[in-house]
């Protein structure tokens, strides 16, 4: 059984208009009908551009936002219905690491207070035991346990992110939502934190939902990946299938837009450059939300019918009327899975 | 040339940002190499680098010490600030500054210096007490508005707008007319009139702190609302109140002086800088020093509080960068 | 090709309350007409300050030029008068900043802001500047340009604002365009549009570009020559092929190895650079990279390495660069 199941999750934010007497003026559909499941001990990557709803999805799972509709199941239990002690149990099991290592640590608390806070909230251990645990955790994330009484502003970005990881680990959670955990870090430090997350996963059997806009990082850390566009999952699959044979034209153009650090490859690469900007989520395009920028859109179908997520290979689905594989990679593809899958799926 | 200026302004802002980043980075990456300092100690360190703020602090301390210890040294050195020796009035009145009376004497032969020192007692008392009232009401109202939002937010903030819409001094005069003129009623009136600004500052401060990810992080840990409030939001939201409150003391001193000048505040013979000015007005031509000293006292003391507030603002600005 | 810009041993320092911050310490490079130079480095490596120094946009104090020279067409930029620098900026050397949200003035119409430098440098009339501004917006791919020129910046999306910034930068046909992380604040699909636009404009006008970025992918994509910076100093310079395929400095190795890559089939473990970047106020002795360098020896701690020539314009500031047996992964192990 999957540890986390997200079913038809939808989140709308009301848009307020007027100054004196505010009234509702429509809503932003930040997440629309999103479904996926995450197996225990694996990493699910959520990737997409700003405004695609990946962070909102994470915050709904964390119960920081109230989902408008849909279902979230953790360990078989209905997360959205949890109250009181049950909710506390959920919070103990599901933790979060945020993007901004500057904003995610309270500047007026010492490292000891920050990392011990989960223990204090859940009433675990005496003060001395808590202190010992904090020191252990700091050691686990690669910080000097002697720095326990320092303040966040005395640390660099990468070190602060480690403090955030230590806090998330304090309650021995099973699932961690990582919301852009390395986006604010320099590449050399980013690699340190990615490696740390991987080691911790192995050591503690953690399950991750890894939210990021960097396709390379998501590919590196994820077992399965979902690509989001304007609140919807447009393609979902295991990392190899999705990156080697992207079917959705959005995934294809996204992958082709990322410059690779290899000058020769970069010179040879065919790029798909999308026209225009991402439309406003207040008034998303009808039909397929991507049709306004899609290089292969056909009318009227793409502007009228919302494409369903259809399985195009085992465990690999795309939401496009004309989904067609396009191997972007110029490098060798591993044997066996290297064949290109057949004709475009019928719309 | 205005256009040109505007263009270069853009550039310089960019530069400032870039440089700040660089500078901040240089300090920040040292990380654990840096000696441990609490944020408050950091604040003090930065405050001490601000010369104007230090000057303000020194001046306020001098005024405070003089006012508090006045009973010990003023009567023997300068004479009684209130009681008059009726037999000697004509001989002593309106003397220009001298060794015996450094600030001169007033219309009734009392030592102006003694009266200025006792006036400081009134000013500081009214300033501190009035601001305390504003801060208590303002914090409460601002916190309610920010936390509960919705209807209570609308009601409190519109009420604050109503307060802002009235001419301040007129409102104060109306209230004192209602309560009767006295020192107590002056600080009550000023205090009550001051809450809307504090409430506004506090509300917006809370709202911006609330957006920080550490608040979300605490929520995701299962922290209760009171805990989030007391541990995460309030400690980070009070800094602007400290700044604004300090500056407000200056404002309250000024208001007290204005009210006393108009005869609505501290009543003679009790000295206050405001009523001293009022009394000196008619003597302005023959004895300008009577007006000079209380005027200077108001100016320097109010300025000192404002400078202190300004310095505190820079010093408390954690920004988490440095 | 002729040398357009020469930077020689540039040192830009800032006097701070905690000491002298050596933001740029000995940067040397030259830029030919129509060429693209990439400056790569992490935050605090001095790449932005290098750009600002070229534009003479360093606020003084606290900043000061402690040494070196910048020559544009054989004139020293550092010795120019304020008026000369003003006519240089925008006219000969233009700059694009990272954040398109704050680089446009919100109270002026976009077209006016673009026309401004034309009026300033080219003495155009208000009317012809407006017309030219609309043309420029069209050139940078803003649809319906003459209408959009009348919009205010908040009516533009992030990508469009960056296009407007580019229009403003290229308005006077500058010889050099300095782009400081021009796409960092943008989404990848928009980034691709902007990079494409820059390349197109460059080919049309033969503009030289200095591309400042932390993204090695962008460098590989559009740059001829690369300068890698660390702690305010250049550590390696060469053509993009030399630096990517035959890097000689351990820091460059580290940067390349720490990147996750989706174009390589294998998902090996990333090899990070251990430790934290140094403070620019207390730069480590000798080679600034030695505390994080797995190959460091005694000489690295004691002596600052000079940029040594490795042939064909490839230089590196490492005591062991080019010596036989000093190869990538020889001690770190497992490098890709």
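Each reported figure results from applying straightforward, stated rules to the coordinates on display, with no laboratory input. Bear in mind that the values here come from a model prediction, so they are computed numbers and not experimental data. A quick note on method: Cβ atoms are made from the backbone with ideal geometry, for glycine too, and the neighbour counts reach across all protein chains shown.
Provide, in order from the shortest bin, the percent of all Cα-Cα pairs of region B:228-273 in each 5 Å bin, continuing until the bin that contains the maximum pair distance.
Reading upward from the zero bin: 5, 19, 16, 13, 11, 10, 9, 8, 7, 3, 0.
For peptide A:274-281, compute the average count of partner chain beta-carbon atoms within 10 Å of each residue's beta-carbon.
Per-residue shielding by partner chains comes out at 4.
Nearest 10 degrees is fine. How inclined is helix C:126-139 to the longest principal axis of chain C, computing both from alpha carbons?
Between helix and principal axis, roughly 50 degrees.
Can you tell me, using C-alpha contacts under 8 Å and at least 6 residues apart, the relative contact order of chain A as a whole percent?
Normalised by residue count, the contact order of chain A is 18 percent.
Find the relative contact order for region C:228-335 and round it to a whole percent, using C-alpha pairs within less than 8 Å whose residues are 6+ positions apart.
About 29 percent, as a whole number.
For a Förster distance of 35 Å, can you work out the FRET efficiency between the beta-carbons of residue A:268 and residue C:204, rounded to the nearest 0.05?
After rounding to 0.05, the efficiency reads 0.90.
How many partner chain Cβ atoms sit within 10 Å of a residue's Cβ in peptide A:99-111, on average, as a whole number?
Across A:99-111, the average partner-chain Cβ count within 10 Å equals 6.
Sort out for me the Cα centre separation of region B:254-298 from region C:144-194, rounded to whole Å.
61
How much mean residue ellipticity at 222 nm does the protein assembly as shown get from its helices, if each DSSP H run of length 4 or more adds -39500 (n - 2.57) and you divide by all residues, to the nearest 500 deg cm²/dmol?
Calculated from helices alone, the mean residue ellipticity at 222 nm is -14000 deg cm²/dmol.
For C:108-120, what's the mean count of beta carbons from other chains sitting within 10 Å of each residue's beta carbon?
2
For chain A, place one equal point scatterer on every Cα, skip the solvent, and apply the Debye formula. What is log10 of I(q)/I(0) at q = 0.06, 0.07, 0.09, 0.12 Å⁻¹?
-0.24, -0.33, -0.54, -0.93
Just for chain A, what percent of DSSP beta bridges are antiparallel, to the closest 5?
60
Compute the Cα gyration tensor for region B:135-203, then decide on rounded, prolate or oblate, letting a ≥ b ≥ c be the square roots of its eigenvalues: rounded whenever a/c is under 1.5, prolate when a/b is larger than b/c in the other cases, and oblate in all that remain.
Because a/c hits 1.5 or more and a/b exceeds b/c, region B:135-203 counts as prolate.
Over all alpha-carbon pairs of region A:156-221, lay out the pair-distance distribution in 10 Å bins, whole %, shortest bin first.
P(r) over region A:156-221, rounded to whole percents: 20, 60, 20, 0.
Sort C:188, A:306 so the one with the fewest other Cβ atoms within 10 Å of its own Cβ comes first.
Exposure proxy ranking, most exposed first: A:306, C:188.
For a quick protection proxy, order the peptides A:96-105, B:239-248 by their average other-Cβ count within 10 Å, most packed first.
Top of the packing list down: A:96-105, B:239-248.
With no solvent and one equal point scatterer per Cα, compute the Debye intensity ratio I(q)/I(0) for region B:71-320 at 0.07, 0.09, 0.11, 0.12 Å⁻¹ and report its log10, rounded to two decimals.
-0.33, -0.50, -0.68, -0.76
Taking the 0 to 90 degree range and rounding to the nearest ten, how far is the long axis of helix A:127-140 tilted relative to the main principal axis of chain A, both from C-alpha atoms?
40
Binning at 10 Å from 0, report for the protein assembly as shown what percent of all alpha-carbon pair distances ends up in each bin.
All Cα pairs, binned at 10 Å, distribute as 2, 9, 16, 20, 20, 15, 9, 5, 3, 1, 0, 0 percent.
Please sort C:11-22, A:225-236 by packing, taking for each peptide the average over its residues of neighbouring beta carbons within 10 angstrom, highest first.
A:225-236, C:11-22
Sorted from largest down, what three extents in whole angstroms do the Cα atoms of region A:33-101 have along their principal axes?
Sorted largest first, the three principal extents are 36, 29, 23 Å.
Just how far, in whole angstrom, is region A:234-274 from region A:165-224 if you go by their alpha carbon centroids?
23
Using Cα atoms only, what is the angle between the long axis of helix C:110-122 and the major principal axis of chain C, expressed in degrees (0 to 90) to the nearest 10?
Approximately 90 degrees, to the nearest ten.
With contacts defined as alpha carbon pairs under 8 Å and 6 or more residues apart, what's the relative contact order of chain C in percent?
The value is 19 percent.
Within the protein assembly as shown, what percent of beta bridges assigned by DSSP are antiparallel, to the nearest 5?
60
How would you rank B:283-289, C:205-211, highest first, on the average number of other Cβ atoms within 10 Å across their residues?
Put in order of decreasing packing, that is C:205-211, B:283-289.
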